[in-house]
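For reference, the structure discussed in these notes is given below.
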Amino acid sequence: MRSQDPTPQSARPAVAGTGLTAVDRIYSDDYAAPAEALGGSCGNVLLSLAMLGHPVFPVVNLGDDDYGRFLLDEFERAGCETRYVSRAHTGSSPVIVEIVDTVNGSHRFTSTCPQTLVRFPKWRSIDHDHVCRAADTLKSVSVFYADRVSESIVIAMEEAKRAGALVFFEPASTDDEMFARAVRCATVIKLSDETAGKSIADRNLDPEVIVIRTHGAFGLTVSNRSVHRHFPSSFAPRVIDTCGSGDMVTTGLLDLVLRRWYREGSWTVDDVFDGVEVGQRLAALNCGFTGARGLFRAAGANHVREMLDRGIDEASTSYVSTLGTCNR
């Protein structure tokens, strides 16, 4: 576990986040031998940013079981500060099953084990005690990420917002009664046409909020005040699995924002516009591998870091195309 203190003036900008963190059990060509990895949008984004060298503080609630130990180990191996990762004795850690069709490049999710037909446990939110323990960090990080809503999560978002953090909100649905309060905390809100984006119109959002709407294969749109820009999808040289594409967009975006923040001492709206293009290119390369972070497994985090520093170009695409698909 890396020992970190969030964001003294001279330090790298730090990230905290909470939301869906689960074990991804991935079935592709061999149903008898699934691969397992840390997953969930929150887990993917935080882990990826840590692997890219950023100080990361997950604030998540796991079970005191084998899956919980696995997830904690994954965070620690990536370099996250895990002092706010709770492992409750009274619950189990969530598991998400992904079934990949590598021929068609498609996937589907289920919460039921395809071998035993047993339903896996669901995600559980952090509670008020988690927020209290993490209060000092919430008041000092530069970015706070959330992809789920509960009263405690909204309180954490509000703490970070009041302290000046960029609050990145990526909701999966609009059903929770705390949703409107969460939206008011957001600096950037990322909405998918397939989920929460169907229920939220731009006119119902604060014009100061940066709104990212993802349109699947048709790219995405970024809006802020009177500025609206469409970004077509980046070309994917190989499509094996599109799982995690949205998480890679967010990872690439936040990586650029954090790097410029470190260099310039602040961030701008233009950084978000530039960041989505980087994230789209990263997501396109990730489609060539199974799993939400298949590119990281195949190329290695250091090489992904080098690609992002250099700029994802034709040389990057050519190199990635030579790598195996990481079905395991």
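Data overview
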quantity	calculated
Odd one out for ASP64, checked against (1) within 19 Å of ALA134 (Cα to Cα); (2) free of Cβ contacts under 8 Å to residues at least 40 places away in the same chain	(1)
Selection count where residues are within 18 Å of the chain's Cα centre (by Cα), within 23 Å of VAL257 (Cα to Cα) and acidic (Asp, Glu), scope the range 155-197	1
Hits in the range 170-195 (condition: farther than 15 Å from ILE153 by Cβ, without any contact (Cβ under 8 Å) to a residue 60 or more places away in the chain and surrounded by 18 or more Cβ atoms within 10 Å (Cβ to Cβ))	THR187, LEU191, SER192
Residue count, the range 89-105 (criterion: among the small types (Gly, Ala, Ser) and either open to solvent by 50 Å² or more (accessible area, probe 1.4 Å) or without any contact (Cβ under 8 Å) to a residue 24 or more places away in the chain (or both))	1
Wholly within the range 228-328, helices (runs of 4 or more DSSP H) carrying at least 3 residues that are open to solvent by 40 Å² or more (accessible area, probe 1.4 Å) and in contact with a Pro (Cβ under 8 Å, 6 or more places away or on another chain)	none
Some residue of the range 231-251 being at pLDDT 95 or above, at negative phi and more than 16 Å from the chain's Cα centre (by Cα)	yes
Output for the range 59-79, where each listed residue is open to solvent by 30 Å² or more (accessible area, probe 1.4 Å), at pLDDT 95 or above and not in a helix (DSSP H, G or I)	none
Pairs, first within 10 Å of ILE155 (Cβ to Cβ) in the range 126-143, second open to solvent by 20 Å² or more (accessible area, probe 1.4 Å) and of a type in the set (A, V, I, L, M), C-beta under 8 Å, six or more apart	HIS128/ILE155; VAL131/ILE155; LEU138/ALA163
Members of the range 148-169 that are aliphatic (A, V, I, L, M) and surrounded by 18 or more Cβ atoms within 10 Å (Cβ to Cβ)	VAL149, ILE153, VAL154, ILE155, ALA156, MET157, ALA160, ALA165, LEU166, VAL167
Test: residue in the range 40-56 that is over 20 Å from THR251 (Cβ atoms) and not in a helix (DSSP H, G or I)	no
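The values are calculated or read from the model by the stated rules, or taken from the named source; none is laboratory data. As the structure is a computational prediction, the values presented were derived from the model and not from experiment. Every residue, glycine as well, gets a Cβ built from its backbone with ideal geometry; the counts of neighbours run over all protein chains shown. With ligands, DNA and RNA removed, areas are computed over all heavy atoms of the protein, side chains included. Shrake-Rupley method; radii C 1.70, N 1.55, O 1.52, S 1.80 Å.
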